[in-house]
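Here the structure is laid out as structure tokens; the discussion comes afterwards.
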Amino acid sequence: MDLQTEVELLRKVPMFAKLEPAKLKLLAFTSQALTFEDGEMIFRAGEHADSAYVIMDGEIEILSPTDAGPVVSGLLGRNELFGELAVLTNSPRSAALRARGAVRALRISDDMFLKLLAENSEVALDVMRQLSVKLTRTHHQYEELRRELERRTSASSPLD
Amino acid sequence: MEPTILKFIVRHSAREQVALLVMTVAAFPFLYLSLDLPKTIVNEAIGGSEFPRELLGHSLDQIPYLLVLSTVFLALVLVNGAFKYVINVYRGVVGERMLRRLRYQLYENVLRFPLPHFRKLSQGEIVSMVTGETEPLGGYIGDAVALPAFQGGTLLTILVFMFVQDPVLGAAAVALYPIQAYLIPKLQRRINALKKERVVHVRKLSERIGETVNGIHEVHAHDTARFELADYAERIGEIYRIRYQMYVLKFFVKFLNNFIAQITPFFFYAIGGYLVITGDLSFGALVAVLAAYKDLSSPWKELLDFYQTKEDARVKYELLYESFQPPGLLDPSLRRGDLTEVPRLSGVLRAVKLDVREDADAGSGHETSMSFRVEMPARVALVGGSGSGRKRLATIIGAVRRPHSGSLLVSGVDLARAPQMLTGARIAYVGQDPKLRAGTLRDNLFYVLKHRPITPVSYDSATAGVVAARLRDARLAGNSEDDTGADWIDYADIGVDGRESLEHRALEALTIADMADDAFALGLQAMLDPAAHPSLVERALQARAELRHRLDEPELAGLVEPFDPSVYNTNMSVAENLVFGTPRDDALRLDDPTASPYVLRVLDDTGLTDDFVEMGRSVAQLMVELFADIEPGSELVEQFSFISGDDLPQYKSLLARIPAAGATALGESDRRMLMALAFRITPARHRLGLIDAAMQDRLLAARELFARGFGDDAARPAVDFFDAERFNPAVSLQDNVLFGRLVYGKPRSAVRVGAAVREVVEKLGMREAVIAAGLDFSVGVGGSRLSPSQRQKVGIARAVLKRPDIMVVDEATAVLDGGSQERVLENLFREMQGRTLIWLVQHASLARRFERVIVLEDGHVVEEGEPQALDRPDTVFGQLVAAH
């Protein structure tokens, strides 16, 4: 895989779609092309977040920690960007990620990613949009859970 | 040390000074003759009559007579010169020898200083005193007797000559001497006072520089550089002020002397002229007197200068004496020691009313008194809070410090009075921060075994002569005559039977100190000389083959791209692929091979030159495109670009110059600049798509040509090639075993491959040999290339190496991690079985594992006994244990 192919791949990532070609090229050149084997951990929960990733090929599982051990709570596919939230908030990784099958990914260093946001309002706006979507989704889930909880507590209270 | 410089000179160089004096006196008759002869020549040979004259039985006419006298004059000049030369050389020898003696004595005293003295005298001060302040003394000592004798004698000879010519003229020449003799010492006293002041300030300055260097982290961390500079400026300003005053006085003295010397001829012209006119003095005599006076001013000036030098030396010596002769200097007999056999320590360890304070702080703080008794061998824990005196006690048992009063007796011998020969060999004290010295790890381990030379080396006849001369010089200067080249290790005494078994024992000691893994890692990083480690190198090649198999196993597959002369390695740069080895010198540099004409010829011959220019152009264009907008100095450019931020504009203008015919039509230097970029491409990392399969094949052909050469005398740069059958001395042992490159883009590959290398090396039984190679690791100044915990481990390992009867561990495992501390404790328990181990424990709970506990509080023993018996809620020990 050479730089030009990577540039094409990056362009397919929605967040980077509107980036001018030179910027995209720089992003590709300064990123690290990594390969992961089936079952290999990309990172673990609690690790320091020093980079964001773009999947070029393959699938990655999101592992959420539960009392009964890690559980697969989501799946990421080709052209998806991940790990950028922890970079933005400068916080440790919230979940672990594991390769399902062979995976090729581009690793974008935190410096480069933040620089990209600072210099390209389009990209920054897109990040905001995505974050908002995630926030809304989380809020919905929260509301659902709250209602569910209320329903159960009201159902069980007469027995007390 | 002698209290004054005069006594020092008399005591140690009386014979040499007398010899100098004799030579000097012997020179005088010739000097006098050379002064007298001109008169005879002028008066008798030139102005005389009555020829022929009788000379030594020959009768001579005027001209031959003149020639003979002139020739005699010439001979006298030569004789005088020869005397001067011999005397000067000998004087230099005496001075340097005495300087060497003085420096040796100062250093010897430093080694005997009572430890509290080092609180008053910093390292910086000592260095400046031993090296700087002594320097002018050597010159003075050589001159001490001979110069005043010679110059005084010269002066006297000239004066006698003048008085003989005419008493009045002689008196005129010395008329102003009394004024000088009165004024100059007065001025000199003021200069001396300033000199003392200056020395004190310079010492303080050295101290401050030393402190700043040691505390440079603080300066950076707290931004105190400006304050430091201001403080420094003030200090050197003070020295400037003192020096300025000294100069004013010194040159006033010079001015006075010059002035007086200049006005004396006035008397000659006036009085001498008068005497010649009246006929009381011959014209020749006046000429001779005038010539003599010209000669007179030189010795007089020398004498006055000498006086100043003498005063300077006297003051300096006095100040040195004050600093280097503190009260409580260790008795030299304790340090020398002349036991024929060093006894083992056994029996009872007993403290009797031990006051653990030192002499220096006896005035402050309150009296302490410790008494206890331990039957050896024993495993004893010292327990107590800070201020309990436990640290002091540990250093007293370790024979590092001496108590203020009371005594610590080991089988009846008071340790404070025992020769260091005994304590140094039988007691091993390990402190928290063992001081290492620049040298290898091995040097530092064996350092503690070097008490005295044991086996002299046999030198070949040529070297033996040099060594003998060196020792003779040392003897003449009162220096140590021990040969550092001899073997200083008493193998039998530490229970080994020679160098080889000591090496083996060193590995044991490292294992006991939990340092073996560290040494193993250092050994893997070491570069080995195949000639010095033939068997290790051979096994490294086996390990290489073994690792190749391991790397084919599924969990390691694809992590390493091995070196193969017939395969292009995509994880190496183009330059590395072409050379396929490690250049031995700077004639070929992998970061820019275009500087090597040989490389350029290889490219030309394989038709690659134009391709390199083209590839370089592509890279340059990409770099300019990517990085031209990035602000200069950005980390991004330095980290990723092929072209440094500084060179980017240059390449930009180069690209603009490319003619229509293409980059290959550029000038030679432009083409080379582009080619240099092509050499840096590492395909797996840069993913530029420039090195395709066809290009790889052509580069392999170039690699082959590079190694084969041209068959003519074109010198190939010296390279250690990557050869599967050969060990490459230019890369580390680990890289030799690996024999390949880690593949880019494999997370954590370095860790996984590193573990595999270690496994293979251990499996092949190379561990010991690798550790031995690790012992050659150079630890840096003060052991700075080792971590603090590694330094502690070295301290413990070398204490073990001594096989001491008593080992004192003074919180010496403090910075080790928990697991390591535990291993060291267990290992030392086992190692010191049947011998005495005294451990100053940080946490009282640890004391439960010892046979005896001594609990200290406020400089007194409050409890003593078996830990099981003492571990109750109502004891101090019980409470200390509970506190953790």
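Can we say residue A:74 is farther than 24 Å from residue A:89 by Cα, away from chain B (no Cβ under 13 Å) and at pLDDT below 90?
So residue A:74 fails the test.
Yes/no per residue for (1) more than 30 Å from residue B:272 (Cα to Cα); (2) small (Gly, Ala, Ser):
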position: B:179; (1), (2): no, no
position: B:192; (1), (2): yes, no
position: B:197; (1), (2): yes, no
position: B:209; (1), (2): yes, no
position: B:230; (1), (2): yes, yes
position: B:244; (1), (2): yes, no
position: B:254; (1), (2): no, no
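Do the conditions hold for residue B:428, that is, is it in contact (Cβ under 8 Å) with a residue 12 or more places away in the chain, of a type in the set (Gly, Ala, Ser) and closer than 27 Å to residue B:106 by Cβ?
Values: in contact (Cβ under 8 Å) with a residue 12 or more places away in the chain: yes; of a type in the set (Gly, Ala, Ser): yes; closer than 27 Å to residue B:106 by Cβ: no.
No: the conditions fail for residue B:428.
Looking at segment B:687-705, which of the residues that are surrounded by 14 or more Cβ atoms within 10 Å (Cβ to Cβ) and out of contact with any Leu (no Cβ under 7 Å at 6 or more places or on another chain) is nearest to the other protein chains (Cβ to nearest Cβ)?
B:690
Could you check, for segment A:43-59, whether at least one of its residues is over 24 Å from residue B:682 (Cβ atoms) and within 11 Å of another protein chain (Cβ to nearest Cβ)?
Yes.
Residues in segment B:840-876 that are surrounded by 17 or more Cβ atoms within 10 Å (Cβ to Cβ), touching a residue at least 60 places away in the same chain (Cβ under 8 Å), assigned to a loop (DSSP other than H, G, I, E, B) and not β-branched (Val, Ile, Thr): how many?
Within segment B:840-876, residues that are surrounded by 17 or more Cβ atoms within 10 Å (Cβ to Cβ), touching a residue at least 60 places away in the same chain (Cβ under 8 Å), assigned to a loop (DSSP other than H, G, I, E, B) and not β-branched (Val, Ile, Thr) number 2.
Please list, ordered by first then second residue, the pairs with beta carbon atoms under 8 Å, 6 or more apart or interchain, first in segment B:378-403 and under 18 Å from residue B:846 (Cα atoms), second modelled with pLDDT of 90 or more and part of a loop (DSSP other than H, G, I, E, B).
Close Cβ pairs (under 8 Å, with a partner that is modelled with pLDDT of 90 or more and part of a loop (DSSP other than H, G, I, E, B)) amount to B:378/B:851; B:379/B:832; B:379/B:850; B:379/B:851; B:380/B:850; B:380/B:851; B:381/B:850.
Considering only residues that are assigned to a helix (DSSP H, G or I), surrounded by 14 or more Cβ atoms within 10 Å (Cβ to Cβ) and of a type outside the set (S, T, N, Q), which ones fall in segment B:40-73?
B:41, B:42, B:44, B:45, B:64, B:65, B:66, B:68, B:69, B:72, B:73
Within segment B:455-479, track down each residue that is assigned to a loop (DSSP other than H, G, I, E, B) and polar (S, T, N, Q). Break it down into steps so the answer makes sense when it comes.
Start the filter on segment B:455-479 by keeping residues that are assigned to a loop (DSSP other than H, G, I, E, B), which leaves B:456-460, B:477-479.
Residues satisfying the conditions are B:458, B:479.
Being more than 50 Å from the chain's Cα centre (by Cα), on the phi < 0 side of the Ramachandran plot, of a type in the set (A, V, I, L, M) and away from chain A (no Cβ under 14 Å) narrows it down to one of B:656, B:676, so name that one.
On the way: B:676 fails: more than 50 Å from the chain's Cα centre (by Cα).
Of the residues listed, the single one that is more than 50 Å from the chain's Cα centre (by Cα), on the phi < 0 side of the Ramachandran plot, of a type in the set (A, V, I, L, M) and away from chain A (no Cβ under 14 Å) is B:656.
Does segment B:547-560 contain any residue that is at positive phi, surrounded by fewer than 16 Cβ atoms within 10 Å (Cβ to Cβ), at pLDDT below 90 and of a type outside the set (A, V, I, L, M)?
To start, the set of residues in segment B:547-560 that are at positive phi comprises B:558.
Those left that are additionally surrounded by fewer than 16 Cβ atoms within 10 Å (Cβ to Cβ): B:558.
Add one more test, that the residue is at pLDDT below 90, and what stays is B:558.
Filter once more, so that each one left must be of a type outside the set (A, V, I, L, M): B:558.
Yes: one or more hits.
Residues in segment A:12-46 that are over 15 Å from residue A:84 (Cβ atoms) and touching a residue at least 40 places away in the same chain (Cβ under 8 Å): how many?
Step one: filter segment A:12-46 for residues over 15 Å from residue A:84 (Cβ atoms), giving A:12, A:17-18, A:20-26, A:28-30, A:32-41, A:44-46.
Among the residues that remain, those that are also touching a residue at least 40 places away in the same chain (Cβ under 8 Å) are: A:12, A:18, A:23, A:28, A:30, A:32-41, A:44-46.
Total meeting the criteria: 18.
Restricting the search to segment B:489-537, which residues are closer than 21 Å to residue B:754 by Cα and small (Gly, Ala, Ser)?
From segment B:489-537, those closer than 21 Å to residue B:754 by Cα are B:514-528, B:536-537; that's our starting set.
Selection gives B:516, B:519, B:521, B:523, B:526.
Yes or no, residue by residue, for (1) assigned by TED's automatic domain parsing to the domain that holds residue B:153; (2) of a type in the set (A, V, I, L, M, F, W, C); (3) in contact with a helix residue (DSSP H, G or I) (Cβ under 8 Å, 6 or more places away or on another chain); (4) without any contact (Cβ under 8 Å) to a residue 40 or more places away in the chain:
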{"residue": "B:26", "(1), (2), (3), (4)": "yes, yes, yes, no"}
{"residue": "B:29", "(1), (2), (3), (4)": "yes, no, no, yes"}
{"residue": "B:40", "(1), (2), (3), (4)": "yes, no, yes, yes"}
{"residue": "B:45", "(1), (2), (3), (4)": "yes, yes, yes, yes"}
{"residue": "B:60", "(1), (2), (3), (4)": "yes, yes, yes, yes"}
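Looking only at segment A:15-36, how many residues end up being facing chain B (nearest Cβ under 10 Å), surrounded by fewer than 23 Cβ atoms within 10 Å (Cβ to Cβ) and under 12 Å from residue B:625 (Cα atoms)?
5
Pick from B:608, B:636, B:603: which is within 14 Å of chain A (Cβ to nearest Cβ) and either surrounded by 18 or more Cβ atoms within 10 Å (Cβ to Cβ) or over 50 Å from the mean Cα position of the chain (by Cα) (or both)? First the steps, then the outcome.
Numbers: B:608 fails: within 14 Å of chain A (Cβ to nearest Cβ); B:603 fails: within 14 Å of chain A (Cβ to nearest Cβ).
Every option except B:636 fails the conditions.
The values are calculated or read from the model by the stated rules, or taken from the named source; none is laboratory data. Keep in mind the model is a prediction, meaning the values are calculated, not measured. Because the Cβ atoms are built from the backbone with ideal geometry, glycine has one as well, and the counts that use them run over all protein chains shown.
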